1. I'd like to check something: does the range 111-118 contain any residue that is of a type outside the set (Asp, Glu), open to solvent by 70 Å² or more (accessible area, probe 1.4 Å) and either at pLDDT 90 or above or touching a Phe, Trp or Tyr at 6+ places or on another chain (Cβ under 8 Å) (or both)?
2. Please work out which one of (1) open to solvent by 10 Å² or more (accessible area, probe 1.4 Å); (2) within 17 Å of the chain's Cα centre (by Cα) is the condition ALA99 fails and give its number.
3. Here is a list of conditions, (1) at pLDDT below 75; (2) in a loop (DSSP other than H, G, I, E, B); (3) among the polar types (S, T, N, Q), and ASN40 meets all of them except one; can you say which number that is?
4. How many residues, within the range 68-86, are on the phi < 0 side of the Ramachandran plot and at pLDDT 90 or above?
5. Only one of (1) within 30 Å of LEU26 (Cα to Cα); (2) assigned to a loop (DSSP other than H, G, I, E, B) is not met by LEU135, so which one is it?
Amino acid sequence: MPANTPIQAASATTDRDTALTWYNTLHTKHGVEGIVAKRNTSPYRAGRTGGWQKIRHAETVDVDVIGCTGPKTRPRTLAVRLPNGRTALTQTLSAPLAAQIARVLVTAGPAERGHADTGETYTRIPSGLAVVEILAGTTRHAVVTPLRLR
């Protein structure tokens, strides 16, 4: 395979025990975020899962919201303080969650700029105004999925 290609080779098995071994060991050894389960007859369709199921190593945690991207009245993502002290931006908010959190954000006062650990900018809000439950990936990828406002 040529260097820097977006295509990556992936192991496959039809043996459940092998898949469980991969799930339980590759996470700690290589940072693999999980496995994909699918029917043998299910072809890949770009942009669609087609019955494919991702089984990831992740846990839910409550985190302090410290800012957002986009306007406070319609935030796109949240800046959150993770349990390890890092600042991360969440994945895109669902419309219902964005509407809920907007009610809190508009009371936050004047906007200041902050920077996530990745260098991305966001609008800061005072700590302690909002807490969200997130699904935080426990892998090399910083996947932070907001689930609900607490």
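1. The answer is yes, given that some residue of the range 111-118 is of a type outside the set (Asp, Glu), open to solvent by 70 Å² or more (accessible area, probe 1.4 Å) and either at pLDDT 90 or above or touching a Phe, Trp or Tyr at 6+ places or on another chain (Cβ under 8 Å) (or both).
2. For ALA99, the failing item is (2).
3. (1)
4. Qualifying residue count, the range 68-86: 13.
5. (2)
The values are calculated or read from the model by the stated rules, or taken from the named source; none is laboratory data. Because the structure is a prediction, the values reported are computed rather than measured. Neighbour counts run over all protein chains shown; Cβ positions are idealised from the backbone, glycine included. Just so you know, the surface numbers come from the protein's heavy atoms only, side chains and all, with ligands and any DNA or RNA stripped out. Shrake-Rupley method; radii C 1.70, N 1.55, O 1.52, S 1.80 Å.
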